[in-house]
Structure formats: structure tokens, C-alpha cells
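This report refers to the structure that appears directly beneath it.
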Amino acid sequence: MPSVKPEPAAAPPAAGPLEKVKGQPQQLRGMKDILPADQPYWDAVRQAVERLAVGAGFARIETPVLEAASLFNRTVGQETDIVEKEMYTFLDRGGDKVALRPENTAGVARAYLEHGMVSWPQPVKLWYLGSFFRHDRPQAGRYRQFWQFGFEVLGDGHPVIDAMLIYLAVTVYRSFQVPVEIQINSLGDKNCRPAYLRLLGEYFRTRKNSLCEDCKRRLQKNPLRILDCKVPDCHTVSQDAPQIVDHLCQACKDHFVHVLEYLGELEIPYNLNPRVVRGLDYYTRTVWQVVEEGALETGGQSDLGGGGRYDDLLEQLGNRQVPAAGFASGVERLIIKMRERQFAPKVESPDVFLAQLGEPARKKCLKLYDVLRSIELKVVEAFSKDGLKPQLEVANRLGVKYALIVGQKEIMDDTILIRDMENGIQEVVDFKKVVPEIQKRLARVAAAPTDGRSKAAPAEQGSSSGGES
Ligand code: AMP
């Protein structure tokens, strides 16, 4: 038997720089392959979000990536950057104007109405994880296809819902040791916002010459958006603008005060930030963004997630008023933060590698493969290879605990070798007893105390934070 020195198990190879070969297809600008080496991070996020959501009584919803474009025009807003500049909209082959979803609140609200969830016990709590599309300027942390997880609570206007949603979002980041804080504001409602918008419009009109071209346009259509413009002159002008929190009606004020009180009880750090207006028209009352702790002081800008209340959205879709609130967080931006903090996702190794020498052994191993799979062991193989050395090299690379080896001698004796891949020790076992024998050894491995460390997946090349939305 050739001896193969065990090597440390390796995670899938890290992505190298993109190879651009003339004539070969390439990923589109702003689109990103999620490669095997990235998957442990994605699995960690998916599992954490699902565990949290299910534990908190949220049911999963998946809506189509393609919706009628009018859904977003009516809800996100015709004049918003998302609809006006970023939405992938096209006529399909039937001549319908459709859009790749740029966000999910509108889709979830549509589904809520379409499937009669209005008559379910309220509130209806839903969560999702999926990809979204915006024809944005690509940069680190900003892509044209990106992933979000989100939570929505429909049919309940109580301020504690807002606080609970914020708590759930913060919990996800905390579970990955990413310290975050909340930037929070209230946008009022249809009773108090119009008067405030008039006041804000007057304020900016007298300072119009200092505004950028985009903000001059926003002055006509949506002066609120001037408040979160990043152009330095607009930023300076905004500093002394009237703040909506000083112009809320009593009901909105009470709502906001309660949200803040509940956040205090939950010990969630927040800053009142009049610049948080969110880029979507459907928000009412509470709006908020999740940012990394201290990000604003250090000039870091990228928000990790955001959400708010949208009490009028279902009415905009033709229903009676149904209060609702929700949030969405970007998966890529969370993973960038996890990598920056050296978060080491668990990479699970297979349990057993099946190695064979010679055609009769290969056939015998095929049957054994089926048996081991059926008892839910994680079994890997390299049946197309002939020599033992190349097979055990694969086993080493995959970090397998045990190799089961069938050679010519084992075929004659109806035995099998169990090789401990860590120390190279091999034992001959009666073939008929291989299943209980391997189960016994794996149970011992599972019961052994660990040093608490997990194998890290390789670091993503060239990833950094800094995007903003
Ligand atoms: P929004 O739907 O704009 O409120 O965004 C919610 C979150 O989704 C943001 O805080 C980001 O984490 C993420 N996000 C938004 N746009 C992009 C993008 N173009 N690329 C990557 N992540 C994004």
C-alpha cells in the first residue's frame, strides 16, 4: 500500500482574479458569481437568518423576481432613483412591461393581498432571502444583482412592532460579532407630512442656487430626498433645514416616542438622524438604517440594512389601509463585514472517503457508496481514478476523517481497510461489519471535545467595504 502523508484539510480554493480571455463569455458588470469558497459565509448567513426568523414566528415567502413594472411605480415611487434610474424594466415577449424586482416590500405586499392574507389572523409575519436588481454604479458593496434578507410584519400598527423588527435586524449582525447602531427618524404620516414638505420646499427654494442639479429637480418632486444628498454643498445647506421630528402630529410623535422607549428597553443603541429619509416613497412614520458602530464618525458610509413603517402602501395597491412595517439587509455587505472581522465560518468535512483498487473493488465500492449514503453519511469518492495515491490525495484535500479502502486482497478476503486520515493508522475489518464499525468511529469523533476553532474559508480577494446605497 503506498503511504500518503496526511495534509491539513483545505477549503475550496479562493477565487483568483477574473481572467478575461477575448471571445470568452464574462459575467456582466455589477454581477457577481458566488463561488464555492464564498459559500460557507453564505451558508452561515442563511442559517442564522432562518433560525432567527423561524424562532420569532416568521413564515418564509418567496415572490417572483419578475413583477409588473407598475407595482414598483405605484409603491416605491415614480420619482425615486430606484424606479427612475436603476430598475431593470423591459417589455416581455407578450408586450407586458415587467421589471426585475429592485426590492421586496412591494412584492410581499402584493402577495399579501393577492393570497387573501388580509383575512388571516393579524399580524402576518413573513421573511425572505433572495436576489434583487438595480442598475446602480457598481463598486465595493454595491452590485447590480445583490441579495437581501428581509422581515415584514403586516396588519399591525403598534410601535412595538417597529422596535421588534429593529431588534431582529440587530440580532443578525450581533450573531456575527458585527457591532451596529441604528440611525432612526420619523417621516410622519399623511396628516403631518404635507405641511412639513411645504416648509422644507420653501427652505430649499430660497437656497436653490447652492443645490446640485439632481436636488434642484428633487425640489419640485421630492424635497425630502435633498436631505440625504451626498453632494457637499447640498449637505451643508441641509444642515439648518427644518427637521420633521419638530413637525410631527401628536399621533406620529407618540408612536415615535414609544419606538424609542422600546429600543431603550432592548438596549439597542440608536441615533436620531434627520437625514434618514430612505429612497422609497412608501414609508410613513418610523424609518431607520443599520450602520456599523462608529461608521458615521469615521466617514464610513455604507448602510448595512434599513427599513421602516409603510402604513399606506396597501391602500396604494387598492386595499383598505393596513398598517405594516419591515426591513431589508444586504447579504453581501454583511459578508464583507464578517470577512473584515475574520469571522471563520464552519467548513464541514465529509465523513468517509471510499477508495478502490481494480475493477471488482470499484464495483463493490459503488454498492457500499449507496449503503453509506442511505444512512446519511457524507461520503466522497474519486471512482474515476485508478491508483490509491491520487485517491488518498483527494481524501486529504477534502479533509475526510476516514478512508475506506478496498483493494485486490480485500476483495479476496471480503474485508475492508479503515484508514484514519489524521494519523495514517489502518485497520482491517470484516466487510459485513463496515457500517457499524465506521459509525462507532464517527460517533467517537463527534463526542470528542473540540478546541472551539473552526476551519476558515479562504479570504475573498479584493473585497472591501465602502459602498453606499
Ligand atoms: P434598500 O432596499 O435600498 O433599503 O437597501 C437595503 C440594503 O440592501 C442596504 O442597506 C444594502 O445592504 C443592500 N443593498 C441595497 N442596494 C444594494 C446594491 N446595489 N448592492 C449591494 N447591496 C445593496
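Helix 105-114 sits at what angle to the longest principal axis of the chain, using alpha carbons and giving 0 to 90 degrees rounded to 10?
Once rounded, the angle reads 90 degrees.
Not counting ligands, DNA or RNA, and with a 1.4 Å probe, what is TYR270's accessible surface area in Å² rounded to the nearest 10?
Taking all protein chains as shown, TYR270 has close to 80 Å².
Nothing charged except the Cβ atoms of Lys and Arg (+1) and of Asp and Glu (-1): what's the magnitude of the dipole of the chain about its Cα centre? Round to the nearest 20 debye.
Values: 62 positive and 62 negative charges, 181 e Å.
Charge dipole, the chain, about its Cα centre: 880 debye, nearest 20.
Which percent of the accessible area of the chain is formed by carbon and sulfur heavy atoms (probe 1.4 angstrom)? Write down the numbers at each step before the final one.
Values: 11980 of 23190 Å².
Ligands and nucleic acids excluded, carbon and sulfur reach 52 percent.
Taking θ as phi - 60°, what are the ³J(HN,Hα) couplings along region 305-313 by the Karplus curve (6.51, -1.76, 1.60), each to the nearest whole Hz, with x for Gly and Pro?
x, x, x, x, 8, 9, 5, 9, 5
Among ALA106, TYR167, PHE133, which residue has its Cα positioned farthest towards the positive end of the charge dipole of region 93-175, with +1 placed on the Cβ of Lys and Arg, -1 on the Cβ of Asp and Glu, and the dipole taken about the Cα centre?
PHE133
Taking 2.2 N^0.38 Å as the expected size of a compact globular protein, what ratio does the Cα radius of gyration of region 113-204 give against it, to two decimals? Mind dumping the intermediate values first?
Numbers: Rg = 17.8 Å, N = 92, 2.2 N^0.38 = 12.3 Å.
It is 1.45.
For helix 159-175, report the angle its Cα long axis makes with the longest principal axis of the Cα atoms of the chain; keep it between 0 and 90° and round to the nearest 10°.
On a 0 to 90 degree scale, this one is about 40.
Quick one: 3J(HN,Hα) in Hz for region 416-433, Karplus 6.51/-1.76/1.60 with θ = phi - 60°, rounded, Gly and Pro as x.
8, 9, 9, 10, 6, 6, 7, 10, x, 6, 10, 10, 8, 10, 4, 4, 5, 9
Please work out, to two decimal places, the log10 of the ratio I(q)/I(0) at q = 0.08, 0.10, 0.12 Å⁻¹ from a Debye calculation in which every Cα of the chain carries one identical scatterer.
Debye curve over Cα of the chain, log10 I(q)/I(0) at q = 0.08, 0.10, 0.12 Å⁻¹: -0.61, -0.84, -1.05.
Rounded to the nearest 10 degrees, what's the angle between the helix 388-398 long axis and the longest principal axis of the chain, both from Cα atoms, 0 to 90?
Approximately 30 degrees, to the nearest ten.
With θ taken as phi - 60° and the coefficients 6.51, -1.76 and 1.60, list the Karplus ³J(HN,Hα) couplings across region 48-59 in order, rounded to whole Hz; mark glycine and proline as x.
The phi angles translate into 5, 5, 5, 4, 5, 5, 5, x, 9, x, 8, 9 Hz.
If R0 is 25 Å, what FRET efficiency do you get for ALA59 and SER119 from their C-beta distance, rounded to 0.05?
On the way: r = 16 Å, r/R0 = 0.63.
Here the calculated transfer efficiency is 0.95.
Near the amide H of TYR270, under 5 Å away, which other amide H atoms are found, from residues 5 or more places off or on another chain, if H is placed in the peptide plane?
Result for TYR270 returns ILE182.
With a 1.4 Å probe and all protein chains left in place, how much accessible area per residue does the chain have, in Å²?
Numbers: 23190 Å² over 469 residues.
Accessible surface, normalised per residue, equals 49 Å².
As a test question: what accessible area, to the nearest 10 Å², does HIS115 have when a 1.4 Å probe is rolled over all protein chains in place?
Approximately 120 Å² of HIS115 is accessible to the 1.4 Å probe.
Based only on Cα atoms, what Rg/Rh ratio does region 352-447 have, Rh being taken as Kirkwood's radius? Working shown, then result.
On the way: Rg = 12.1 Å, Rh = 13.1 Å.
My calculation puts Rg/Rh at 0.92.
Out of every Cα-Cα pair in region 255-317, what percent are more than 20 Å apart? It would help to have the intermediate numbers written out before the result.
On the way: 672 of 1953 pairs.
The proportion of pairs with Cα distances above 20 Å equals 34 percent.
How large is the translational diffusion coefficient of region 205-299 in µm² per second when you combine the Kirkwood radius over alpha carbon pairs with Stokes-Einstein at 20 °C and 1.002 mPa s? Before the final figure, lay out the partial values.
Working: Rh = 15.1 Å.
Estimated via Stokes-Einstein, D reaches 142 µm²/s.
I want to check the label-to-label distance for ALA446 and ASP43. Put each point 7 Å from Cα in the C-beta direction and report it in nm to one decimal.
Between ALA446 and ASP43, the simple spin-label model gives 1.6 nm.
The values are calculated or read from the model by the stated rules, or taken from the named source; none is laboratory data. Every value quoted in this text rests on a predicted model; they were computed, and no experiment measured them. Cβ sites come from the backbone with ideal geometry, for glycine too, and all protein chains shown count toward neighbours. SASA here: full protein model, heavy atoms, side chains in, ligands and nucleic acids out. Shrake-Rupley method; radii C 1.70, N 1.55, O 1.52, S 1.80 Å.
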